[in-house]
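The values are calculated or read from the model by the stated rules, or taken from the named source; none is laboratory data. If you're wondering where the values come from, they're calculated on a predicted model, not measured in any experiment. Please note: Cβ atoms are built from the backbone with ideal geometry, for glycine as well, and neighbour counts cover all protein chains shown. To get the accessible areas, we keep the full protein, side chains included, count just its heavy atoms, and leave off ligands, DNA and RNA. Shrake-Rupley method; radii C 1.70, N 1.55, O 1.52, S 1.80 Å.
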Amino acid sequence: MAQHTESVIAAGGHRAARNPVAILKPIVWIACLAPFAIIVAKIAGFGSLGPNPVEEVLHTMGKTSLNILWVTLAVTPLRKLTKWNWLLRLRRLLGLFAFFYLVLHFLTYAALDLRFDWSWLWTDISERPYITVGMLALVLMIPLAVTSTKGWQRRLGRRWTKLHRLVYPIAILGVVHFWWQVKADILQPLIYAVLLALLLGYRLVDWRARERRSRAARRDAAQRRGGQAVGR
Amino acid sequence: MARRRTERIKPSEITSESAFFNRREVVRSAVALGLLPAASKALGAAMPPDGDFGELAKWPGSVEEEPNAFEDITTYNNFYEFGTGKGDPARNAHTLETSPWSVEVTGEAEKTGTYTLEDILKPHTLEDRVYRFRCVEAWSMIVPWVGFPLGDLLKRFAPLAGARYVQFFTLNDPSQMPGLRYPVLEWPYREGLTMAEAMHPLTLLTVGVYGKVLPNQNGAPLRLIVPWKYGFKSIKSIVRIHFTETQPKCSWNMAAPQEYGFYSNVNPNVDHPRWSQATERRLGAGLFSPRVPTLMFNGYADEVADLYRGLDLVKNY
């Protein structure tokens, strides 16, 4: 997915008369930092976190992480459908923001709920399946954040693409984490699940189409070779 | 059969401890006030037109802790008939019509029928009772409720010997309750207690909070407060009381029987299958306050533990 992106981006970037990424990047920064800024403002006393402030911060961080991760996962389908190849240049920033909120989500839980009682954390991880899957998602996302740089991308080459496919199970774990703590109203996690199914489903369809094309191309090549042999 | 048996034993004739103490309380408050009119306002309970119950007898068993702010109590609610978000009831419950209100009494009792809210309240003395309130979601509040012991009301209906349980139903009117359009739970919302639990002097039929009429989002005009059980047992906006011989169906138990039992007593030693019940987050305590330990029977063990003697509380969660 990513190995051919550099050239595509370069080509797309040159073709565009103006550079939309230059305008969009600050917008992405502002949009992604807004939920954090709002929470910080509320903690500072501008506005209210409501009667259950820990829950408010915890849920805001968790849901924002999911929201941004879903946008990150929408980049590839959107790019392919619109041919706006420059979209790809926003993906790392989005992915890192999803990670940023996931870390804040965890820190809120560890600091405000557990008060850094690590034995309690271990009990939660081993006994509460929704926390187990949530922690797994966090741990799996660390290598993706670390290797998100151009240097690591170059160093890992094809393996980088493979490694970053971890984002698919991470997203699934995110939905499961949400679903497993809802009491009865599954509407919200259901919406995330349906959107994720669309985002991942697109990739599956796209991948199968590419497989078919490459098989056909191989068959054609083999036929051509066979024809040449007969002719000779 | 059941009817014949009751001719010999009349459960309604037994004076409960709470009724006994109530009379003393009334006398004491009347003496303290020194004025008969003031005392009579407390005596013949009614819904005050201005929404303020005025001077109320302070129940001596109230918890010492500082009650939660009125705003906490009235903006952070689980009342799925008005939406599943905590803020939804406060936003949406204005469509609830609480006057006129009546309650249908059915099942194993002599005096079944339809009672208006005025009928229900009239002979009772309202009290100001500060209780702990513990939600199954592991948050809690301290709430100054206004009400009177449910048992005093139930006795007026002369339950028969066959009345081993009491079931309660919430209003089920989609035109007033937008949340009923979604099948989140099986409507109408219903809850139940054993007769002993229902007659316990701590079980409060509640009409107010902070000396004022209950806001709609808190279950106006008439709700239950069973302080040693998880909050969902304390059913709101009651329109029917049903005496029954068999254990009644309860909405959360119907939705997820492995997670919400019939008893649903607050118990720090029995976790919800998905989360711990050992501690709770006290609402209004601020962002940096630690969770507090959850108490057995929500701190009412001395009063209610006897109800469950010999019962395996792990199995009967």
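Would you confirm whether any residue within region B:276-285 is open to solvent by 60 Å² or more (accessible area, probe 1.4 Å), modelled with pLDDT under 95, within 14 Å of another protein chain (Cβ to nearest Cβ) and over 12 Å from residue B:138 (Cα atoms)?
Scanning region B:276-285, I find no residue that is open to solvent by 60 Å² or more (accessible area, probe 1.4 Å), modelled with pLDDT under 95, within 14 Å of another protein chain (Cβ to nearest Cβ) and over 12 Å from residue B:138 (Cα atoms), so the answer is no.
When region B:54-81 is examined, which residues are found to be touching a Leu at 6+ places or on another chain (Cβ under 8 Å) and within 19 Å of residue B:237 (Cα to Cα)?
Once the filter is applied, which keeps residues that are touching a Leu at 6+ places or on another chain (Cβ under 8 Å) and within 19 Å of residue B:237 (Cα to Cα), region B:54-81 yields B:76, B:80, B:81.
Given the criterion more than 10 Å from chain B (Cβ to nearest Cβ), modelled with pLDDT under 95, open to solvent by less than 70 Å² (accessible area, probe 1.4 Å) and touching a Ser or Thr at 6+ places or on another chain (Cβ under 6 Å), identify the matching residue among A:88, A:102.
Checking each option against the conditions leaves just A:88.
Restricting to region B:228-258, what's the tally of residues that are more than 14 Å from chain A (Cβ to nearest Cβ) and more than 25 Å from residue B:82 (Cβ to Cβ)?
Number satisfying all stated conditions: 6.
Output the number of the condition that residue B:168 fails; it satisfies all remaining conditions of (1) within 14 Å of chain A (Cβ to nearest Cβ); (2) closer than 16 Å to residue B:205 by Cβ; (3) aromatic (Phe, Trp, Tyr).
Among (1) within 14 Å of chain A (Cβ to nearest Cβ); (2) closer than 16 Å to residue B:205 by Cβ; (3) aromatic (Phe, Trp, Tyr), the lone unmet condition for residue B:168 is (1).
Just to verify a result, which residue in region B:39-50, among those that are open to solvent by less than 20 Å² (accessible area, probe 1.4 Å) and in a helix (DSSP H, G or I), is nearest to the other protein chains (Cβ to nearest Cβ)?
B:42
Consider residue A:163 carefully, then state whether it is more than 14 Å from chain B (Cβ to nearest Cβ) and either among the charged types (D, E, K, R) or over 16 Å from residue A:102 (Cβ atoms) (or both).
Yes; evaluated as a whole, the condition is true for this residue.
When region A:59-71 is examined, which residues are found to be within 14 Å of chain B (Cβ to nearest Cβ) and open to solvent by 60 Å² or more (accessible area, probe 1.4 Å)?
A:59, A:63
If residue B:94 passes every condition in (1) touching a Lys or Arg at 6+ places or on another chain (Cβ under 6 Å); (2) under 28 Å from residue B:174 (Cβ atoms) but one, which one does it miss?
(1)
Given the conditions (1) under 22 Å from residue B:76 (Cα atoms); (2) in contact with a helix residue (DSSP H, G or I) (Cβ under 8 Å, 6 or more places away or on another chain); (3) open to solvent by 40 Å² or more (accessible area, probe 1.4 Å), and given that residue B:164 satisfies all but one, which numbered condition is not satisfied?
For residue B:164, the failing item is (1).
Quick check: anything in region B:292-312 more than 21 Å from the chain's Cα centre (by Cα), within 14 Å of chain A (Cβ to nearest Cβ) and more than 30 Å from residue B:104 (Cα to Cα)?
Looking through region B:292-312, at least one residue is more than 21 Å from the chain's Cα centre (by Cα), within 14 Å of chain A (Cβ to nearest Cβ) and more than 30 Å from residue B:104 (Cα to Cα).
Keeping to region A:177-197, report how many residues are open to solvent by less than 70 Å² (accessible area, probe 1.4 Å), away from chain B (no Cβ under 14 Å) and touching a residue at least 40 places away in the same chain (Cβ under 8 Å).
Of the residues in that region, 2 qualify.
Filter region B:259-275 for residues that are over 27 Å from residue B:66 (Cβ atoms) and within 13 Å of chain A (Cβ to nearest Cβ); which is surrounded by the fewest Cβ atoms within 10 Å (Cβ to Cβ)?
Taking the candidates together, the pick is B:273.
Yes/no per residue for (1) free of Cβ contacts under 8 Å to residues at least 60 places away in the same chain; (2) β-branched (Val, Ile, Thr):
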residue	(1), (2)
B:248	no, no
B:251	no, no
B:260	no, no
B:267	yes, no
B:270	yes, yes
B:283	no, no
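What strands (runs of 3 or more DSSP E), lying completely within region B:222-317, carry at least 1 residues that are hydrophobic (A, V, I, L, M, F, W, C)?
The qualifying strands (runs of 3 or more DSSP E) are B:223-225, B:238-244.
So, in region B:186-202, exactly how many residues are buried (at least 22 other Cβ atoms within 10 Å of the Cβ) and either over 20 Å from the mean Cα position of the chain (by Cα) or within 14 Å of another protein chain (Cβ to nearest Cβ) (or both)?
1
Yes/no per residue for (1) more than 21 Å from residue A:95 (Cβ to Cβ); (2) open to solvent by less than 60 Å² (accessible area, probe 1.4 Å); (3) touching a strand residue (DSSP E or B) at 6+ places or on another chain (Cβ under 7 Å); (4) within 14 Å of chain B (Cβ to nearest Cβ):
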site	(1), (2), (3), (4)
A:28	no, yes, no, no
A:32	no, yes, no, no
A:37	no, yes, no, no
A:52	yes, yes, yes, yes
A:57	yes, yes, no, yes
A:73	no, yes, no, no
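(1) assigned to a loop (DSSP other than H, G, I, E, B); (2) aliphatic (A, V, I, L, M); (3) within 14 Å of chain A (Cβ to nearest Cβ): which one isn't true of residue B:180, the others all being true?
(1)
If you scan region B:224-244, which residues turn out to be open to solvent by less than 10 Å² (accessible area, probe 1.4 Å) and more than 20 Å from residue B:297 (Cα to Cα)?
Listed by number, the residues that qualify are B:237, B:238, B:241, B:243.
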